[in-house]
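Here's the structure, in structure tokens; my notes come after.
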Amino acid sequence: LLAFIVYICRLRSNVFAAVAISVFNTIFPMFAKAMTNFESHPSESEKQRSLYIKISAFRWVNTAIVMTIITPFTSTITAGKEHLLYSVYAIFFSEVFTSSIIQVLDIGGFVQRHFSAPRAPNQERMNMCFRGTDYDLAERYTAVTKILFLTFSYSTLFPAGFFFCSAALLVNFYIDKFSIMRTWKAAPALGKEIAVFSRKYFFTMTVFSFSLFASFMWSGFPYDDLCIDTENAPSGGYIGELTVTPDPSKGLIYDKNVQPISSTSVNITKTDKIYKYCNQNFFETGKFPALPQFQPPDSKWMTLEQEWATEIYGWTSVAILILLVGVFIWRVFDGITTYFLGGYEPTGRDMNVNFSEVKSIDSFIPQINSSHFVNPLIACSLEGIDEGLMSWTDPEKPYEYYNLTKDADKIFEGTKYSPAPQAFSKVMHWPPSNELS
């Protein structure tokens, strides 16, 4: 459905299509979060990984692949605003500015701070309006990978994309830095799982996409679906000076100054070559790898240099694919053996500082975020737990105010029932002996 909307926008203008792609890339994470919330994950890191996969898959297809599908093959490198290269340029431009402007404006947060907060009925409700906009680390990683995927996919046809990519990543860095410090809500403390997962799989896939798309892009030149007909020559009424008038319903034809041509005169002689239709799109014919050997014997269009480049990129894509499959099999095998045999590899070194002596110490306390409370709700008993282990404080209310176990006791008060032991998590704290004395 979204691809059809992009296609409709492209009929109007490539700029509209690029803006639509950027808007969809901005909106889709909300739907991905809603789908992920229905799933069961043992940790926040696993949840972020699932969210990362969904958003990356959508953004990669929406940003790079959709435009290739809806653009005619013969409009790949031709001049004009309705053709593919201008579309790629428009997408880069839109990703640099449209997404960044939407992020900086932070319309939802602006309304909360300047409209809802002054009209809040009490201080607690007002504080909730200043919590900031939620963001996910997984979503921010996909903002990087989609730009890289777009750059690598069209690098053969649009090498200037590397400069646009560097500009987009630079802008994203400073915009994200501003948002984290000024407008976004504090995100859950996560480890390195998302970074490692992105580096192992998605960044590796972008390298594979580079070699894969490069081989197919090289094989398609000159993108006109025409081959020399060696069996026929001009004859009859086709010899002489003729006037050619393009059919506007099938697209415009441009001259060397990128101006539309209404009609033109051509002079045909008996020595001129005749061209016939031949499908130069290896994507469409399903050829992999894209090698010059797959050209029909009677319909060859590649030059010698083109065949050389295509063969190099084609076999390189096969080598990278074999390497990826091998690495994936090894990681699956290593994960299975580690699960049954175990193993521990320490990282870092002992700094001779006791964990209990760290001033900024905190611990994992099961908590649930709620849109109705300023701070998270605590999903365990706090008996015997040092309050200094909590990662947040409330200057007005004690931690017991946010304790769900107290609410459960209140609900079952006066009945023969009581909360099941497994309903809440169990957290134990054993302080050092010197702190007990």
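Tally up the residues in region 52-84 that are of a type in the set (Lys, Arg), in contact (Cβ under 8 Å) with a residue 40 or more places away in the chain and more than 19 Å from residue 212 (Cα to Cα), please. Qualifying residue count for the region: 1.
Which condition from (1) open to solvent by 60 Å² or more (accessible area, probe 1.4 Å); (2) β-branched (Val, Ile, Thr); (3) within 30 Å of residue 224 (Cβ to Cβ) is the one that residue 53 breaks? It is condition (3) that residue 53 fails. Looking across 131, 199, 125, 182, one residue alone is within 15 Å of the chain's Cα centre (by Cα) and of a type in the set (Lys, Arg). It is 199. Look at residue 330 and say whether it is modelled with pLDDT of 85 or more and open to solvent by 70 Å² or more (accessible area, probe 1.4 Å). It is true that residue 330 is modelled with pLDDT of 85 or more and open to solvent by 70 Å² or more (accessible area, probe 1.4 Å).
Of everything in region 124-134 that is open to solvent by 50 Å² or more (accessible area, probe 1.4 Å) and touching a residue at least 24 places away in the same chain (Cβ under 8 Å), the residue that is farthest from residue 49 (Cα to Cα) is 127. Might you let me know whether region 376-389 holds any residue that is touching an Asp or Glu at 6+ places or on another chain (Cβ under 7 Å) and assigned to a helix (DSSP H, G or I)? Yes; the residues of region 376-389 include at least one that is touching an Asp or Glu at 6+ places or on another chain (Cβ under 7 Å) and assigned to a helix (DSSP H, G or I). The condition of being among the aromatic types (Phe, Trp, Tyr) and either in a helix (DSSP H, G or I) or touching a His at 6+ places or on another chain (Cβ under 9 Å) (or both) holds for only one of 340, 373, 364, that being 340.
Looking at 426, 416, just one residue is of a type outside the set (A, V, I, L, M), in contact with a Ser or Thr (Cβ under 9 Å, 6 or more places away or on another chain) and open to solvent by 70 Å² or more (accessible area, probe 1.4 Å), and that residue is 426. When region 124-153 is filtered for residues that are within 14 Å of residue 65 (Cα to Cα) and among the small types (Gly, Ala, Ser), only 153 remains. The listed residues are 385, 365, and the only one of them that is open to solvent by less than 30 Å² (accessible area, probe 1.4 Å) and under 33 Å from the mean Cα position of the chain (by Cα) turns out to be 365.
Residue pairs whose Cβ atoms lie under 6 Å apart, sitting 6 or more positions apart in sequence or on different chains, and linking a residue in region 264-281 that is farther than 13 Å from residue 239 by Cβ to a partner that is assigned to a loop (DSSP other than H, G, I, E, B), are 277/225; 278/299; 280/225; 280/301. Contact map, region 194-206: first residue farther than 11 Å from residue 56 by Cα, second residue among the charged types (D, E, K, R), Cβ cut-off under 8 Å, separation 6 or more or different chains; pairs are 194/49; 197/49; 200/331. Figure legend. Inter-residue proximity from region 391-416: first residues within 19 Å of residue 370 (Cα to Cα) and without any contact (Cβ under 8 Å) to a residue 40 or more places away in the chain, second residues assigned to a helix (DSSP H, G or I) and among the hydroxyl-bearing types (Ser, Thr, Tyr), beta-carbon distance below 8 Å, spacing 6+ or different chains. Indicated pairs: 394/401; 394/402. Within region 81-92, identify whether any single residue is surrounded by fewer than 16 Cβ atoms within 10 Å (Cβ to Cβ), at pLDDT below 90, out of contact with any Phe, Trp or Tyr (no Cβ under 7 Å at 6 or more places or on another chain) and charged (D, E, K, R), and answer yes or no. Yes, that holds for at least one residue. Residue-level check: of (1) touching a helix residue (DSSP H, G or I) at 6+ places or on another chain (Cβ under 6 Å); (2) over 19 Å from residue 146 (Cβ atoms), residue 4 misses just (1). Among the residues of region 390-401, those identified as open to solvent by 90 Å² or more (accessible area, probe 1.4 Å) and either in contact with a Ser or Thr (Cβ under 7 Å, 6 or more places away or on another chain) or assigned to a loop (DSSP other than H, G, I, E, B) (or both) are 393, 395, 396.
Among the residues of region 302-320, those that are touching a residue at least 24 places away in the same chain (Cβ under 8 Å) and either open to solvent by less than 60 Å² (accessible area, probe 1.4 Å) or touching a Leu at 6+ places or on another chain (Cβ under 7 Å) (or both) comprise 302, 306, 309, 310, 314, 316, 317, 318, 320. Test residue 341 against the criterion of being hydrophobic (A, V, I, L, M, F, W, C), exposed (fewer than 11 other Cβ atoms within 10 Å of the Cβ) and farther than 28 Å from residue 135 by Cα, and give yes or no. It is true that residue 341 is hydrophobic (A, V, I, L, M, F, W, C), exposed (fewer than 11 other Cβ atoms within 10 Å of the Cβ) and farther than 28 Å from residue 135 by Cα. Taken together, the residues in region 402-413 that are open to solvent by 40 Å² or more (accessible area, probe 1.4 Å) and either in contact with a helix residue (DSSP H, G or I) (Cβ under 7 Å, 6 or more places away or on another chain) or of a type in the set (Phe, Trp, Tyr) (or both) amount to 2.
The values are calculated or read from the model by the stated rules, or taken from the named source; none is laboratory data. Everything quoted here is computed from the prediction, not taken from an experiment. Neighbour counts run over all protein chains shown; Cβ positions are idealised from the backbone, glycine included. For the accessible areas, the whole protein counts, side chains as well, though only heavy atoms, and no ligand, DNA or RNA atoms are used. Shrake-Rupley method; radii C 1.70, N 1.55, O 1.52, S 1.80 Å.
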